[in-house]
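To start, the structure under review is shown below, and the notes come after it.
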Amino acid sequence: MAARLATVRSSTRRQFAPEQAASPWWRDAVVYQVYLRSFADGNGDGIGDLAGLRARLPYLNWLGVDALWINPHYPSGGADGGYDISDYRAVDPEYGDVADLEALVEDARALGLKVLLDVVPNHTSDQHPWFQAALADPDSPEASRYHFAPASEEPPNNWRSLFGGPAWSRTPDGRWYLHLFAPEQPDLNWRDPAVAEDFERTLRFWLDRGVDGFRVDVAYGLFKDADLRNNPGEYSPTLFGHGPEQAMTWNQPEVHDVWRRWRAVCDEYPGTMLVGEVCLADPAEIALYSRPDEMHQAFSFRLLKSGWSAESFADGVRSALDAFGKVGAPVSWVLGNHDKDRQVTRFGGGEVGDARARAAALLKLALPGSAYIYAGDELGLPQADVPDAAKKDPIFHRSGGERSGRDGCRVPMPWNATPGVGFSPRGSAQPWLPIPADWRRYAVSRQARDDRSMLNLYRQALAVRAEHPALGSGEATVSRRGEVLTVRSTAEGRSVRCVINMGDHPVLVRTAGTLLLSSAPQVTHTSRRSLALPADTAVWIAED
Ligand code: GLC
Ligand code: CA
């Protein structure tokens, strides 16, 4: 196996045969999600920034990803990790300036990496000049760009904020305004054409600076029921997203026209793309957001929200392949992001969690479609125990500490084994979130030297994926026997099977092929035709 990997390492980019050149890059891209504030601090203030990220691009190239998505980089009120934007066509001075972003895009391009930005159209910051103007004058044109209701005893309806409490707060003059997230994130009124026009300007502003597309925040929001009627049911986060009980707030049919207009804008910039965050319970409803004239992709969050069981993973894979297949879009697989507990912890923590996260990574990277990797997941970072006093997440604060919040998956990256783990230059300010004392063991520099590390597993998997046509694209079939899940993909007449044992006991797997990669080092062929697959382990087997 070692020799085999040595040959693929030299070329991490997929070599397209001429007849495949028409397949757009994003259909099978591996996209690395950069949590900018926590990735790399260039200037020593303890906050990740564009200069730090730019200096680390060679790492992403070495790892072998195709693209990066950068969490919001805009000037912000700072109430929700940058998802409360006060100026959509600028860079927060904490992160640098527009010239830094242009330089980043240029360097990324030179390495063959695409760059996606995050765009947040459902709400602005309360610091945004529009909201400030609307507060100052109820009759201003800006006031009609939000949802205000006259002063009254009771809020206009029963809607709840996703971060806790009612979705309505009062202005200083007693009016109500709508915020489906924090009060510092007033929802925009997309029935006012000025809102749509301004966002199209924003898209063009960044596309003109060379970016390759956008991750679209809360893409299932934007429009609300025209009469703001009560929701039929209590907000109960169903396992996989919002359903009919919240029918008045989410997934209004009008929203699809926004994506058609944004798609038309992207079409003027060939090769650019949109990927939407669509947190709905029904995969078929999610897939509608990536119809051919709408967004290019919509995240599939099923595996992100599935427990460790072959049945729920099989269901997650099948339902996504079916739903997106019907609209002709690739599935965008997600196992981790900045909103969810880290995989290693979610899957049980410790050695078990680590083994499962390794196995899950191989499953994800074998599936046809694009794959998203959240920064730090390639290091196997666990959910960090952030002391309450240091927490920033409004979910923690608005729930009065009842919900632990998302800070634990947003802690800065450990780059080397020095005391500050190399996140900031030596002698810098403290990092914006405390880094656990023992995180040196996860450092990139350490793992890069260790063939058996999580980091090298990811790197090997990406190299093998880049070479094999049936990894990341093609037709897939899913089968399950007990706790063993098999995905067989075929492309260009070649097939790969990814077999994952999600049970407690080793199983014997019939192979009839070549073992390409295993998530656990101890996997070996027991005979020419079978191998023993330990618990919590996945393998890739090429059919000869
Ligand atoms: C999305 C983001 C999340 C943010 C929310 C409000 O769900 O991923 O981080 O808090 O939208 O913008
Ligand atoms: Ca900094």
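Points to keep in mind about this one:
- Residues of segment 84-99 satisfying the condition of being surrounded by fewer than 23 Cβ atoms within 10 Å (Cβ to Cβ) and either of a type outside the set (Asp, Glu) or within 16 Å of ligand 2 (Cβ to nearest atom) (or both): Ser86, Tyr88, Arg89, Ala90, Val91, Asp92, Pro93, Glu94, Gly96, Asp97, Val98, Ala99
- Among the residues of segment 519-536, the ones that are buried (at least 24 other Cβ atoms within 10 Å of the Cβ) and either free of Cβ contacts under 8 Å to residues at least 24 places away in the same chain or closer than 19 Å to Val464 by Cβ (or both) come to 2 in all.
- Across segment 391-423, the qualifying residues are those that are polar (S, T, N, Q) and out of contact with any Ser or Thr (no Cβ under 8 Å at 6 or more places or on another chain), and the one among them that is nearest to Ser445 (Cα to Cα) is Thr418.
- Exclusive hit being closer than 25 Å to Thr124 by Cβ and not β-branched (Val, Ile, Thr), set Gly271, Gly233, Gly241: Gly241
- Taken over segment 411-457, residues that are of a type in the set (D, E, K, R), assigned to a loop (DSSP other than H, G, I, E, B) and within 21 Å of Tyr32 (Cβ to Cβ) amount to 1.
- Members of segment 161-186 that are out of contact with any Lys or Arg (no Cβ under 9 Å at 6 or more places or on another chain) and among the polar types (S, T, N, Q): Ser169, Thr171, Gln185
- When segment 214-237 is filtered for residues that are modelled with pLDDT under 95 and either touching a His at 6+ places or on another chain (Cβ under 9 Å) or more than 16 Å from ligand 1 (Cβ to nearest atom) (or both), the ones remaining, listed by number, are Pro232, Gly233, Glu234, Tyr235, Ser236.
- For Ser10, the conditions (1) loosely packed, with under 12 Cβ neighbours inside 10 Å; (2) polar (S, T, N, Q); (3) at pLDDT 95 or above all hold with the exception of (3).
- Looking only at segment 134-152, residues that are in a helix (DSSP H, G or I) and among the aromatic types (Phe, Trp, Tyr) come to 0 in all.
- Selection status of Ser38, more than 30 Å from Arg465 (Cβ to Cβ), surrounded by 19 or more Cβ atoms within 10 Å (Cβ to Cβ) and not acidic (Asp, Glu): no
- A single member of Pro155, Pro172 is more than 16 Å from ligand 1 (Cβ to nearest atom), in contact with a strand residue (DSSP E or B) (Cβ under 8 Å, 6 or more places away or on another chain) and part of a loop (DSSP other than H, G, I, E, B), and it is Pro155.
- Gly408, sole failed condition from (1) in a helix (DSSP H, G or I); (2) in contact with a Gly (Cβ under 9 Å, 6 or more places away or on another chain); (3) surrounded by 20 or more Cβ atoms within 10 Å (Cβ to Cβ): (2)
- Test: Pro156 is closer than 19 Å to Gln246 by Cβ, at pLDDT 95 or above and not assigned by TED's automatic domain parsing to the domain that holds Asp393: yes
- Matching residues, segment 295-336, being polar (S, T, N, Q) and over 20 Å from Ile373 (Cβ atoms): Ser309, Ser312, Ser319
- Residue in segment 28-35 that is modelled with pLDDT of 95 or more, within 16 Å of ligand 2 (Cβ to nearest atom) and either under 19 Å from Leu379 (Cα atoms) or not hydrophobic (A, V, I, L, M, F, W, C) (or both) present: yes
- Taken as a whole, the condition of being acidic (Asp, Glu) and in contact (Cβ under 8 Å) with a residue 24 or more places away in the chain applies to Glu378.
- Looking only at residues of segment 39-63 that are touching a Lys or Arg at 6+ places or on another chain (Cβ under 8 Å) and within 24 Å of Lys340 (Cα to Cα), we find that the one that is farthest from ligand 1 (Cβ to nearest atom) is Leu63.
- Tally, over segment 47-61, of residues that are surrounded by fewer than 24 Cβ atoms within 10 Å (Cβ to Cβ) and more than 7 Å from ligand 2 (Cβ to nearest atom): 9
- When residues in segment 160-169 are screened for being in a loop (DSSP other than H, G, I, E, B) and either in contact with a strand residue (DSSP E or B) (Cβ under 7 Å, 6 or more places away or on another chain) or among the aliphatic types (A, V, I, L, M) (or both), 2 of them pass.
- Thr514 vs. criteria buried (at least 19 other Cβ atoms within 10 Å of the Cβ) and touching a strand residue (DSSP E or B) at 6+ places or on another chain (Cβ under 9 Å): no
- So Pro72, is it of a type outside the set (S, T, N, Q), farther than 18 Å from Thr202 by Cβ and either within 16 Å of ligand 2 (Cβ to nearest atom) or surrounded by fewer than 23 Cβ atoms within 10 Å (Cβ to Cβ) (or both): no
- Some residue of segment 195-213 being in the same structural domain as Val98 (by TED's automatic domain parsing), touching a helix residue (DSSP H, G or I) at 6+ places or on another chain (Cβ under 9 Å) and in a strand (DSSP E or B): yes
The values are calculated or read from the model by the stated rules, or taken from the named source; none is laboratory data. Note that the structure is a prediction, hence the values are computed from the model and not measured. Backbone-built Cβ (ideal geometry, glycine too); neighbour counts: all protein chains shown.
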